[in-house]
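Below you'll find the structure, written out as structure tokens, and then a few comments.
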Amino acid sequence: MLGMLGGGQLGRFFVIAAQNIGYQVTVLDPDKNSPAGAIADVHICAGYEDILALTKMKETCLAVTTEFENIPAATLEFLEEGLIVRPSSKAVSVVQNRIHEKIFLRDNNFPVGEFVIITDVASLGLVKNDIYPAILKIAQFGYDGKGQIHVNNYKELEAAYKKFSYKPCILERKLSLDAEISVVLARGHDGEKINFPVVENHHVSGILDISIVPARVSNALCTEAVHYAEKVASQLNYIGVIAVEFFISNGKIYVNEVAPRPHNSGHYTMDACDFNQFDEQVFSLTGTPLKNPKLIKNAVMVNLLGDIWFKNETLSPPNLDLFDGSTTEVLHIYGKSEARAGRKMGHFTVTGDNVTNLELRAKEIKDLLSKN
Ligand code: ADP
Ligand code: MG
């Protein structure tokens, strides 16, 4: 029995991978309709700080992992007394807070864009005027572009900081982006590492829209990205699956952020690789040797947000019949009980040879679904 903290789609794919290999899974999630809880062997429907629930996990699971980076560090620390927890509370606590994450990256000489740590109104005074346009990001609990405000001057910065209730933040210079890429990597308990091919990512309103593999950036940049992703994992003494997002700006690479879990940009691995990111999550959690994954086909993955479940604000789910069981156009729906604008409801992956054609076909499918 393996334990999964968090019941979203990433947890659901972990449950599927673990069950396929022969494990049972207990999911902890306070939502009775959670996508992972619905298919788990055991769903403990309780909060992440519920001591009774955590004690039950300790008593019944061999090892526990997470799909949700905002798991309180105290929860992981509690479980670490007596249970294998991968990744560790220490690694998660660095990357779940943008301030700790940026300091870790800067102190270990990773290339990062210019930023200022904002912890109080006085630190606003340290912001130089040439940082604008910039993005104020709340240090904790942001995701999918939430918890971010674009600011063009000091006045807007002040207003944005107020809007975030003066909570700790990072102010980042807005980089002009040639491209965004990411690397999903797994590191075993013995330090062994595998990585999946570098992904090219396109975002709309701060949310991942489309991922393309292989990434259309130079081999040199891909090599740098993999090198930095490996270095992040090693420096954090990380065990499990980790994803590192990068910006390419004026030909130079910058680390954007780190996710202590499988990643949306790694979903293509389910349909284009022999082993996927969730298989590697199971292997690294259970101490099974990692399998070096092979890209079997090129891939384009498109996210399906709840927006296309509505027409004139009335619920009108898209017609998904165009996915007819083809192995080159594969649909994944997450089983969420309610569609909402901006909510990730599912994704599909188109696989084949020519990436330009795959991208055209993916956009055609997305348009057909959106027209519904
Ligand atoms: P999250 O993915 O947690 O919502 P990110 O920091 O990755 O937060 O921001 C989401 C997206 O917003 C990025 O993928 C990128 O498209 C854009 N973005 C974020 N920070 C910057 C920046 N400093 N310069 C340019 N674009 C940015
Ligand atoms: Mg991001």
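Every number in this text was worked out from the coordinates using simple rules, so none of it is lab data. None of the values given here were measured: they were computed from a predicted structure. So basically every Cβ, Gly included, is an ideal-geometry build from the backbone, and we count neighbours across all protein chains shown.
Output the number of residues of region 231-263 satisfying the condition of being in a helix (DSSP H, G or I) and crowded, with 23+ Cβ neighbours inside 10 Å.
Within region 231-263, residues that are in a helix (DSSP H, G or I) and crowded, with 23+ Cβ neighbours inside 10 Å number 2.
Specify the residue that is farthest from ligand 1 (Cβ to nearest atom); the eligible residues are those in region 242-254 that are over 19 Å from residue 144 (Cβ atoms) and aliphatic (A, V, I, L, M).
Out of the qualifying residues, it is 253.
Only one of these conditions is not met by residue 187: (1) within 12 Å of ligand 1 (Cβ to nearest atom); (2) in contact (Cβ under 8 Å) with a residue 12 or more places away in the chain. Which number is it?
It is condition (1) that residue 187 fails.
Does residue 237 fit the bill of being more than 15 Å from ligand 1 (Cβ to nearest atom) and touching a residue at least 12 places away in the same chain (Cβ under 8 Å)?
Answer is yes for this residue.
I'm trying to understand the selection: among the residues of region 330-372, which are among the small types (Gly, Ala, Ser) and in contact with a Gly (Cβ under 6 Å, 6 or more places away or on another chain)?
Result: 339, 341.
Do we find a residue being part of a loop (DSSP other than H, G, I, E, B) and more than 20 Å from the chain's Cα centre (by Cα) anywhere in region 210-217?
yes
How many residues does region 154-198 hold that are within 16 Å of ligand 2 (Cβ to nearest atom) and aromatic (Phe, Trp, Tyr)?
0
Somewhere in region 213-229, is a residue under 12 Å from residue 110 (Cα atoms) and of a type in the set (D, E, K, R)?
Within region 213-229, one or more residues are under 12 Å from residue 110 (Cα atoms) and of a type in the set (D, E, K, R).
For region 106-207, give me every one of the strands (runs of 3 or more DSSP E) that falls completely inside it and has 2 or more residues that are surrounded by fewer than 19 Cβ atoms within 10 Å (Cβ to Cβ).
The strands (runs of 3 or more DSSP E) meeting that bar are 148-151, 199-204.
When you look at residue 118, is it of a type in the set (A, V, I, L, M), within 15 Å of ligand 2 (Cβ to nearest atom) and touching a Cys at 6+ places or on another chain (Cβ under 7 Å), yes or no?
No: the conditions fail for residue 118.
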